[in-house]
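Asks: Here it is, the structure, as structure tokens.
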Amino acid sequence: MTKDECKKVVLDIIADIAPDEDLGNVKPEVRLRDQLQLDSMDFLDIVMELRKRHGIEVPEKDYPQLASLDSCAEYLTPKFDALAGKS
Amino acid sequence: MKPSRIVITGVGLTAPNGSSLAEFRANLLAGVAGIERKEIRYMGSQLAGVCHFDALKHQKKKEVRVGTRAGSIAIYCAREALADSGLNWDAVAKDRVGIYIGCTEHGNVETENEIYNISKFNYDTKFWSHYHNPRTVANNPAGEASLNLGVTGPAYTIGAACAAGNMGLVHAAQMLRLGEVDLALCGGVSESIHTFGIFAGFKSQNALATHDDPLKASRPFDKARNGIVISEGGALYTLERWDDARARGAKIYGEIAGYHVNSDASDYVLPNPTRQAECVHAAIRRAGLTPSDIHIVNTHATATTLGDIQECEAIRAVFGEGCPDTHINNTKSYIGHCMGAAGALELAGNLPSFDDLVVHPTINVDDLDPLCALPGLVLNHPRKVAKVDTILNNSFGMLGINSTLIVKRFVP
């Protein structure tokens, strides 16, 4: 999985959990909470949807890694690749 | 000291046959029911009263996703009631507003959904939603309304089974008289059609209605009635002290004249006509009236074989033969049983009678059960009457809770 594909996965999840938001201009380097109406429960939603849809586990200590699209891609891409390697 | 006069100044509602008082009333007078078939998890197609209000009128998509159906109904009804009241909401002190919402139950829907959800993940509870607790707490519908409206006064629900809709108004009147709040948003809501458990429970009781034609399925007092049609819905009112309503020149729908709440203490599910009659009598006494002063009696009757007969027995005991100006109707024949919203919705459907002097009928009575043949029963066609100064609304619930609310024409 490329990092851009990983960002797309995260954006697809955000589109479902924050359906009122315009995701057309999300800046990948900026914290998601600084540009979208997302609260702590929404971040738990992102964690839950990664688990449900993709079998990805994000332990609580790693939540800060989900701060921006760039940091999501850095953190999650190896996890997706590891899962793909298993299958 | 004489208690403050409490008046109704706004109505917001959603029923299976209308999402405004005007639409609801028009359909009650035109004999238009609102029952349809709905897929219920594990049970297949069932009869249900489904509301078709636009949740996004007053909520963002995310609020609808995160919240509950009961919360959406509460928000819609509260916002519509406030708009109807003519209050300048921006200028209202939000810490002096109370939200009191009757519920038959709350949390079944959300719990069933989560169990279904984790069933797809081998019942692994790590897939259980973090929203489960805020969705299932008993105060959820009132809490969601407080969030949406920015109300910082007391906001909670009142659990009183199917007597709960009346209880919302009763409690609000009490809180206004105590000076706890200056404005109350009150009534009842129900999301019951989204839980299979309520359908399955009534079916196991042999109390779930069946009929080839959904619109004919809810038929209180008819010989062929065979049970309850479960519905969702809501009705919330703005209640104010008369002094406050007068000061702002508010439109007045009616005045809370009297009420009573009691308990059967006799059975989990079977009604008790003696206690029901005591409840009605006590409400009439509190209103300073006699039975013959009551012009409309809106029955609770849900179309169960025994329940309808027992309520008729109670009404007969109170109103007997000496009440020629008392007209009796039933709203569930149109919309099914809206559970915690029933009392509040059914009252709303009758309030316009103060203005148009028409009593909406009980529909779907093709063959009146002689045991339900009350004098004054308005069957199948609206009745124009000489006088409507009082409306008495009955709502009864499981575990034997009875509520009677009387609203009278407002005379300054």
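Asks: List the lysines whose Cα sits under 30 Å from the Cα of B:Lys384, skipping any in the same chain fewer than 8 residues away.
Replies: Excluding near neighbours in sequence, the set is B:Lys216, B:Lys223, B:Lys251, B:Lys332, B:Lys408.
Asks: For the Cα atoms of chain A, what angle does the longest principal axis make with the long axis of helix A:3-17, in degrees from 0 to 90, nearest 10?
Replies: 50
Asks: For chain B, which longest stretch is free of loop sites, where a loop site is one of the trypsin sites (Lys or Arg not before Pro) that DSSP puts outside H, G, I, E and B and that has at most 14 other Cβ atoms within 10 Å?
Replies: Values: sites that count: B:Arg41, B:Lys120, B:Lys223, B:Arg248, B:Lys251, B:Lys387.
Answer - B:252-386.
Asks: Report, by chain and number, residues whose modeled amide H sits under 5 Å from the one on B:Asn226, excluding near sequence neighbours (fewer than 5 apart, same chain).
Replies: Those lying under 5 Å, H to H, from B:Asn226 are B:Thr210, B:Arg219.
Asks: Just the number, please: percent antiparallel of the DSSP beta bridges in chain B, rounded to the nearest 5. All intermediate terms of the calculation are to be shown ahead of the outcome.
Replies: Numbers: 44 of 67 bridges.
Antiparallel: roughly 65 percent of the beta bridges in chain B.
Asks: Right, another one. Using θ = phi - 60° and the Karplus form 6.51 cos²θ - 1.76 cosθ + 1.60, what ³J(HN,Hα) does each residue of region B:374-380 get, whole Hz, x for Gly and Pro?
Replies: For region B:374-380, the Karplus curve yields 7, x, x, 5, 9, 10, 6 Hz.
Asks: Take the alpha carbon atoms of region A:4-43, find their center, do the same for region B:295-333, and report the distance between the two centers in whole angstrom.
Replies: After rounding, the separation between the Cα centres reads 57 Å.
Asks: Then there is this: For a quick check: with amide H placed at 1.01 Å from N, whose amide H comes under 5 Å from B:Val297's, ignoring anything fewer than 5 positions away on the same chain?
Replies: B:His327, B:Ile328, B:Asn329, B:Leu392
Asks: Can you work out the Karplus-derived ³J(HN,Hα) for every residue in region B:282-292? Use 6.51 cos²θ - 1.76 cosθ + 1.60 with θ = phi - 60°, whole Hz, and x for glycine or proline.
Replies: Per-residue couplings from phi come out as 5, 5, 5, 4, 4, 7, x, 10, 10, x, 6 Hz.
Asks: Let me test this: with uniform point scatterers at the alpha carbons of region B:6-247, what is the Debye-based log₁₀ I(q)/I(0) at q = 0.15 1/Å?
Replies: The Cα Debye sum returns log10 ratios of -1.05.
Asks: P(r) tail for the protein assembly as shown, what percent of Cα pairs lie past 37 Å?
Replies: Details: 41243 of 124251 pairs.
In whole percent, the long-distance tail amounts to 33.
Asks: Just need the Rg to Rh number for region B:1-113, please, alpha carbons only, Kirkwood Rh. Present the calculation step by step, with values, prior to reporting the outcome.
Replies: Numbers: Rg = 17.0 Å, Rh = 16.7 Å.
Ratio value, two decimals: 1.02.
Asks: Here's another thing I want to ask about it. Two decimals is fine: what is log10 I(q)/I(0) at q = 0.20 Å⁻¹ for region B:206-324, from a Debye sum with one equal scatterer on every Cα and no solvent?
Replies: Each listed q maps to, in turn, -1.17.
Asks: Still on this structure, I have one more. Please compute the Kirkwood hydrodynamic radius over chain A, one decimal place, Å, based on all pairs of different Cα atoms. Please report the intermediate quantities before stating the final value.
Replies: Values: mean 1/r = 0.0770 Å⁻¹.
Taking every pair of different Cα atoms in chain A, averaging 1/r and inverting gives 13.0 Å.
Asks: Let me make sure I get this right: for region B:139-203, a, b and c are the square roots of the gyration tensor eigenvalues over alpha carbons, sorted descending. Under 1.5 in a/c it's rounded, otherwise prolate if a/b > b/c, else oblate. Which is it?
Replies: Working: a/c = 3.90, a/b = 1.78, b/c = 2.19.
Oblate is the answer for region B:139-203, as a/c is 1.5 or above yet b/c matches or exceeds a/b.
Asks: OK, next. For chain B, what are the per-bin percents of Cα-Cα distances with bins 10 Å wide, up to the bin holding the maximum?
Replies: 5, 25, 35, 24, 9, 2, 0
Asks: Using the Kirkwood radius over C-alpha pairs as Rh, can you work out the diffusion coefficient of region B:297-412 via Stokes-Einstein at 10 °C, viscosity 1.306 mPa s, in µm² per second? Provide the component values of the computation, followed by the final result.
Replies: Details: Rh = 14.5 Å.
Answer from the Stokes-Einstein relation: 110 µm²/s.
Asks: Let me ask another. Given H placed 1.01 Å from N in the peptide plane, which residues other than close sequence neighbours of B:Gly102 have an amide H under 5 Å from its amide H?
Replies: Here the answer is B:Ile158, B:Gly168, B:Gly187, B:Gly188, B:Val189, since their amide H atoms fall under 5 Å of that of B:Gly102.
Asks: Quick one: 3J(HN,Hα) in Hz for region B:147-152, Karplus 6.51/-1.76/1.60 with θ = phi - 60°, rounded, Gly and Pro as x.
Replies: 4, 5, 9, x, 6, 10
The numbers here are math on the coordinates, done by the rules we state, and not lab data. Quick caveat: nothing in here was measured; it's all calculated off a predicted structure. Glycine also receives a Cβ, built like all others from the backbone with ideal geometry; neighbour counts cover every protein chain displayed.
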